[in-house]
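Following: one structure in structure tokens, then a few remarks.
The values are calculated or read from the model by the stated rules, or taken from the named source; none is laboratory data. Since this is a predicted model, take the numbers as computed values, not measurements. All Cβ positions, glycine included, derive from the backbone under ideal geometry; neighbour counts span all protein chains shown. Keep in mind that these areas ignore ligands, DNA and RNA; they rest on the heavy atoms of the full protein, side chains included. Shrake-Rupley method; radii C 1.70, N 1.55, O 1.52, S 1.80 Å.
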Amino acid sequence: MNDPLNPQDAAPRSKLRVWIARLDSISIWSGKLFAWLIVPMIGALVYEVFARYAFAAPTMWAYDTTFMLYGAHFMLGAAFTLAKGAHIRTDFLYRMWSDRVQATVDLAIYLIFFFPGFAFFLWASAEFAAKSWEQSELIITSPWLPIVYPFKTVIPLTAALLMIQGVSESLKCVEAIRQGRWS
């Protein structure tokens, strides 16, 4: 297979394909990096179960740690999931359309709904996270009182990663419209 980022490649791809590959690589790289959040989450769960049942000494921190890590893991994997085309799609009509019509509809949805929605989500969540950092916010419903502001920062980071991947998906639509097929 040709490497769109390699200028020495025998059959270089279009500049559009190069940009798509670069944008996809951000989502793929970040998704693989953030997938490792599952390791400390499982570690906290195993420790809690062991401490609770082997020593009758439950922890105050394991529940909070696992729900924050799982939330971060779930959200930060969204752009990776979009890059891999693994989000749920209800395609009872979509699958009957030509590739060009599919790409046109997808591009319209990205432009009309996705980008405005995620631009607002990025703006609102950045304010939300900034306020949390300013207040050194803690989770007051927990007896452990863990800090929450790093985890609230995951929200605008997720929005930014999804916007980057949305640009890639839109470029894929433009390419499919031009070529009349998905590549």
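Quick notes on this structure:
- Accessible area of segment 35-86 belonging to carbon and sulfur atoms, whole % at 1.4 Å probe: 76 percent
- Estimated 222 nm signal from helices in the chain, with DSSP H stretches of n ≥ 4 weighted -39500 (n - 2.57), rounded to 500: -21500 deg cm²/dmol
- Placing +1 on each Lys and Arg Cβ and -1 on each Asp and Glu Cβ, with no other charges, gives the chain a dipole about its Cα centre of roughly 540 debye.
- For residue 131, the lysines whose Cα falls under 26 Å of its own Cα, not counting residues fewer than eight places away in the same chain, are 152.
- Each Lys and Arg contributes +1 and each Asp and Glu -1, all at the Cβ; summed about the Cα centre of segment 85-137, the dipole is approximately 260 debye.
- Using θ = phi - 60° and Karplus 6.51 cos²θ - 1.76 cosθ + 1.60, couplings along segment 112-120 (whole Hz; Gly, Pro as x): 7, 10, 4, 5, x, x, 6, 5, 5
- Residue with peak Gaussian network fluctuation, the chain [Cα springs, cutoff 10 Å], from 114, 80, 55: 55
- Semi-axis lengths (Å, descending) of the ellipsoid that matches the C-alpha gyration tensor of the chain: 39, 19, 16
- Of 28, 42, 20, the residue with the greatest mean-square motion in the GNM of the chain, using alpha carbon springs below 10 Å, is 42.
- Using θ = phi - 60° and Karplus 6.51 cos²θ - 1.76 cosθ + 1.60, couplings along segment 33-44 (whole Hz; Gly, Pro as x): 5, 6, 4, 5, 4, 5, 5, x, 5, 5, x, 5
- FRET efficiency, 1/(1 + (r/R0)^6) with R0 25 Å, evaluated for residue 36 and residue 90 via beta carbons: 0.20
- Segment 13-66 and segment 92-111 have Cα centres separated by 33 Å.
- Listed residues 140, 113, 155: farthest to the positive end of the dipole of the chain (Cβ charges): 113
- Local charge for residue 63 was computed over the other residues whose Cβ lies under 12 Å away, with Lys and Arg +1 and Asp and Glu -1, and equals -1.
- Fluctuation leader among 170, 142, 132 - the chain, Gaussian network, Cα springs under 10 angstrom: 142
- Helix 99-109 axis, angle to the chain major axis (alpha carbon atoms, nearest 10°): 50 degrees
- Pairs of Cα atoms nearer than 8 Å and 6+ residues apart set the relative contact order; for the chain it is 27 percent.
- Segment 7-89: relative contact order in percent, alpha carbon pairs under 8 Å with at least 6 residues between: 38 percent
- Degrees, to the nearest 10: 62-76 long Cα axis against longest axis of the chain: 10 degrees
- A simple count of charges around residue 97, restricted to other residues whose Cβ falls under 13 Å of its Cβ and scoring Lys, Arg +1 and Asp, Glu -1, yields +1.
- Solvent exposure of the chain as accessible area per residue, Å², 1.4 Å probe: 63 Å²
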